Amino acid sequence: MHESITALLVELGAIILALGILGRIAGRLGFSPIPLYLLAGLAFGHGGLLPLDASEEFVATGAEIGVILLLLLLGLEYTASDLVGTLKTQYLSGIVDFLLNALPGAIIALLLGWGPVAAVALAGVTWISSSGVIAKVVGDLGRLGNRETPVILGILVLEDLSMAVYLPILTALTAGVGLAGGSMTLLISLGTVSVVLFVALRYGRVISRAVSSDNPEMLLLVVLGLTLLVAGVAQQLQVSAAVGAFLVGIALSGEVAHGARNLLSPLRDLFAAVFFVFFGLSTDPREIPPVLAIAFGLAILTGLTKIATGWYAARRAGISTGGRWRAGGTLVARGEFSIVIAGLAVGVEPRLGPLATAYVLILVILGPIAARYTEPLGRKLTRKPKPAATPEHAEAPAIERMDDAVDDTAHTAG
């Protein structure tokens, strides 16, 4: 007993220390730490350089909490009115996003002979952009005030809200629930989301006041306890624990949401890092090379479809050409949700884990690059041949650039 506890403490200490060092390295290099966390998991997992045994069960529990906290903090970012407003104005862009980015994943899974459940899972992996990575990239590039940024955030909001319906369906499918059971799960999911949005719109302030506390310790305990309780009930109803946590976040607003974000963000970062490590632990690195070519091809294809999605959404919003390219390039990164989805379905199709790991590693690295360079590259590719040099033609390119600059900074000036 004593030896097992000692081994557990040593392994956990080594994991957390390694995560801290990797996070600092990623910060110095200016990119997301997610790929480094996944690589650490691959190194510590079965078939890796230094397999861990004593802490595997503890890490698995920490990974579950990590997913719950990720979704809770995501829900705290939005209010019910934000979600309803986004649904009304950007639902067409959301449909295009789904068609362009989910279908390639589903088709590839079916061509590989993985079956319909794996097709639904891989569709989700290729569909959902990484809110965390994209938010960091937009901030780092100084684009928070750009006119295309609300369009990007609108797409992310629609994707996140879609997860409240998608995750319960996938959970039911991976559990082997039949058509009748799956339909019931979908109805429960839609009903739950609708009720939560209604209650949050009508009684959000009442709920927030009931949870509110001037004592940070009490606020932390109440919000965290409520979230875990609702997540457990949601899991029991096969609605998904992550969705339950997301809905709790939506229901809270105002100062409570702000205070909970500040208190829970460090916990979220810790357990989310543990989650990415756990996913790497459950993936044998020897299984990645056989699917690497497929992952790379799928990453390039769905990177292009995300650029097309952002272009379409920004065009609908009347954004200039430069803003359309920037919106598309910014949406390329995939991350936390793709890993969450793959983690749910890896028991149905074991090869999905290595493919999703390689896919996310590629796009987490390419995402910030695409965000930075898609616009200048797009301008070069779409540049029209220069007309004969005349004084009025010579001024045209400068005028076009000035129009783009005015359009892109108008939001900030407003």
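Taken together, the values in this text are just the output of simple stated rules run on the coordinates, not laboratory data. Keep in mind it's a predicted model, so treat the numbers as computed, not measured. So basically every Cβ, Gly included, is an ideal-geometry build from the backbone, and we count neighbours across all protein chains shown.
Points to keep in mind about this one:
- Of GLY244, GLY132, GLY353, the one that fluctuates the most in a GNM where the chain has Cα springs shorter than 10 Å: GLY132
- Cα convex hull of region 26-152, projected area averaged across orientations, nm²: 11.3
- Mean residue ellipticity at 222 nm, helices only, the chain: -28000 deg cm²/dmol; runs of at least 4 DSSP H residues each add -39,500 (n - 2.57), and the sum is divided by the number of residues.
- Entry for region 104-233 at q = 0.13, 0.14, 0.16 Å⁻¹: log10 I(q)/I(0) = -0.85, -0.95, -1.11, Debye formula applied to identical alpha-carbon scatterers, no solvent contribution.
- Taking region 3-36 and a reference point 7 angstrom along Cα→Cβ of ILE365, the backbone N atoms nearer than 11 Å belong to 35-36.
- Simple spin-label estimate for ARG28 and LEU103 in nanometres, 7 Å along Cα-Cβ: 4.6
- Kirkwood Rh, angstrom, the chain [1 / mean 1/r, Cα pairs]: 22.5
- Based on the reciprocal of the average 1/r between different C-alpha atoms, the Kirkwood radius for region 296-392 equals 15.0 Å.
- Applying D = kT/(6 pi eta Rh) to region 100-141, where Rh is the Kirkwood radius over alpha-carbon pairs, T corresponds to 4 °C and eta to 1.567 mPa s, the Stokes-Einstein value obtained is 116 µm²/s.
- Using a simple spin-label model with pseudo-atoms 7 Å out from Cα toward Cβ, LEU17 and LEU377 lie 4.0 nm apart.
- Value of relative contact order over the chain, rounded to a whole percent, pairs C-alpha under 8 Å and six or more apart: 28
- A Förster distance of 22 Å, applied to the separation of the beta-carbon atoms of LEU111 and ILE300, puts the FRET efficiency at 0.85.
- Coordinate range along principal axes, alpha carbons of region 62-124, Å, largest first: 41, 37, 12
- Listed residues GLU11, GLU148, GLU217, most fluctuating in the chain (Gaussian network, C-alpha, under 10 Å): GLU217
- Across region 77-89, coupling constants 3J(HN,Hα) worked out from phi with the 6.51/-1.76/1.60 Karplus curve, θ = phi - 60°, read 6, 10, 9, 4, 5, 4, 5, 5, x, 5, 4, 5, 9 Hz, and Gly and Pro carry x.
- Along region 333-346 the Karplus relation, 6.51 cos²θ - 1.76 cosθ + 1.60 evaluated at θ = phi - 60°, assigns HN-Hα couplings of 4, 10, x, 4, 5, 4, 6, 4, 5, 4, x, 5, 9, 5 Hz to successive residues, with x for each Gly and Pro.
- Taking all pairs of distinct alpha-carbon atoms in region 204-361, Kirkwood radius in angstrom: 18.6
- Annotation: Cα Rg of region 215-282 relative to the compact-globule expectation 2.2 N^0.38 Å equals 1.20.
- Charge dipole of the chain about the Cα centre (unit charges at C-beta), most positive-ward option of GLY85, SER208, VAL346: GLY85
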